[in-house]
1. Within the stretch 1-18, count every residue that is assigned to a loop (DSSP other than H, G, I, E, B) and closer than 22 Å to E88 by Cβ.
2. For the stretch 41-57, how many residues are loosely packed, with under 10 Cβ neighbours inside 10 Å and touching a residue at least 12 places away in the same chain (Cβ under 8 Å)?
3. Restricting attention to the stretch 1-25, which residues are without any contact (Cβ under 8 Å) to a residue 40 or more places away in the chain, surrounded by 10 or more Cβ atoms within 10 Å (Cβ to Cβ) and hydroxyl-bearing (S, T, Y)?
4. Out of (1) within 23 Å of E7 (Cβ to Cβ); (2) part of a strand (DSSP E or B); (3) not β-branched (V, I, T), the odd one out for L39 is which?
5. Which count do you get for residues in the stretch 58-91 that are surrounded by 17 or more Cβ atoms within 10 Å (Cβ to Cβ) and either over 24 Å from L29 (Cβ atoms) or in contact with a Phe, Trp or Tyr (Cβ under 9 Å, 6 or more places away or on another chain) (or both)?
Amino acid sequence: MFRLAMESGARLNIANKQNLTPLTLAAKLAKKEMFMEILEMEGDSVWAYGGASSTAYPLSKIDTINEVTGELNEASALSLVVYGETKEHLDLLDGLLETILEAKWQAFGKRSMLRSLGAFTFYYIFIVLSFSLRPVSMSTAQITWGWINFAGKPIDGPYFKGVIPIIPTADGPEAYNTVAPPSLKSINTFGDLGFTTY
């Protein structure tokens, strides 16, 4: 039926309302036989010698790069096959699409992956060393910038006027009132930090 339509004057470069040509529609629907048939019709034989041959294919609707704008073409056959959701899409990766993917991997993907892997390895080693070499002898007062001590009470220091620190203890939250020096103004934004104001 397809060959009859082609013999009657049908064209392979006409797109439907979804901007899909017959080739990209076959790729989206994962119809391997139809895809290979259309691909064979679009290809131009460069040379043939015995059982060997060379065929050139137009990449306008096959490759993921738009030939005119240079942007990604999400409606290309390669993109539709790679991001296809069924197992049948994997069957389309034989032949031309596999060759294109291999060329893209060697030209761009391999270098980009190695660069990302190197950056991740450096970051991971840096984080592990930072965690392993951190000072472990710091007291609770140093870690909490002097807000509490080991007994669960606030350490004497410059607290804000009118603020009651709520200190978590074994018996439950405990309010501890302090008096701040007159030079410090009352700040009522400590509710987010676990403090209440009155």
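Each value in this text was obtained by applying a stated rule to the coordinates, not by laboratory testing. From a predicted model like this one, the values you see are computed outputs, not experimental measurements. So basically every Cβ, Gly included, is an ideal-geometry build from the backbone, and we count neighbours across all protein chains shown.
1. Counting residues in the stretch 1-18 that are assigned to a loop (DSSP other than H, G, I, E, B) and closer than 22 Å to E88 by Cβ gives 4.
2. Number satisfying all stated conditions: 1.
3. Within the stretch 1-25, no residue meets the criteria.
4. (2)
5. Total satisfying the criteria: 3.
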